[in-house]
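Worksheet for the structure shown next.
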């Protein structure tokens with residue numbers, strides 16, 4: 001898993017000096033690149049990858065991708081010409097589930113925590129979270 005910025009440095013033409021019309025308006029934003037190589041025994045469990053991306057405005061985007069190859073990659077772009085330019089990545093996690101819906105592999109960004117939603121009409125004195133991100 002890799003989190004990169006998209007800017008002029010992202011373009012190969014920046015380094016090799018070839019003509020590129022995108023140099024006038026280079027991409028701006030961020031991307032998340034995910035690569036995998038599952039053991040054959042795990043791959044045969046009909047895997048699904050769920051990527052949850054939390055943004056700075058405290059919204060979340062959830063992407064579900066069926067794993068159809070033992071080895072592969074997936075790239076998600078944010079703030080590019082194709083997606084809303086107001087999105088900035090705060091944190092993210094990936095859950096790999098088998099055909100029974102069980103999580104067989106998980107990866108979390110170092111700042112990932114369970115999102116706590118509080119209803120404004122209710123009074124909340126204390127919220128305690130244990131090590132497994134479960135509310136007590």
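No lab work stands behind these numbers, since they all come straight from the coordinates. In this text the structure is predicted, and so the values were computed from the model without any measurement. Using ideal geometry, Cβ is built from the backbone for each residue, glycine included, and neighbour counts are taken over all protein chains shown.
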Check your understanding: How high is the FRET efficiency between residue 23 and residue 90 when r is their beta carbon distance and R₀ equals 25 Å, given to the nearest 0.05?
Key -> 0.25
**Study point:** Tail weight of P(r) past 22 Å, computed on alpha-carbon pairs of the stretch 2-108, percent
**Key:** 43 percent
Study note, to complete from the structure: Contour minus Cα-Cα span, residue 10 to residue 68, at 0.36 nm per residue, comes to 18.1 nm
**Study point:** Calculated FRET efficiency for the pair residue 46/residue 1, C-beta based, R₀ 25 Å, to 0.05
**Key:** 0.70
Check your understanding: Using the beta-carbon distance between residue 102 and residue 58 and R0 = 35 Å, what value does 1/(1 + (r/R0)^6) give for FRET efficiency, to the nearest 0.05?
Key -> 0.75
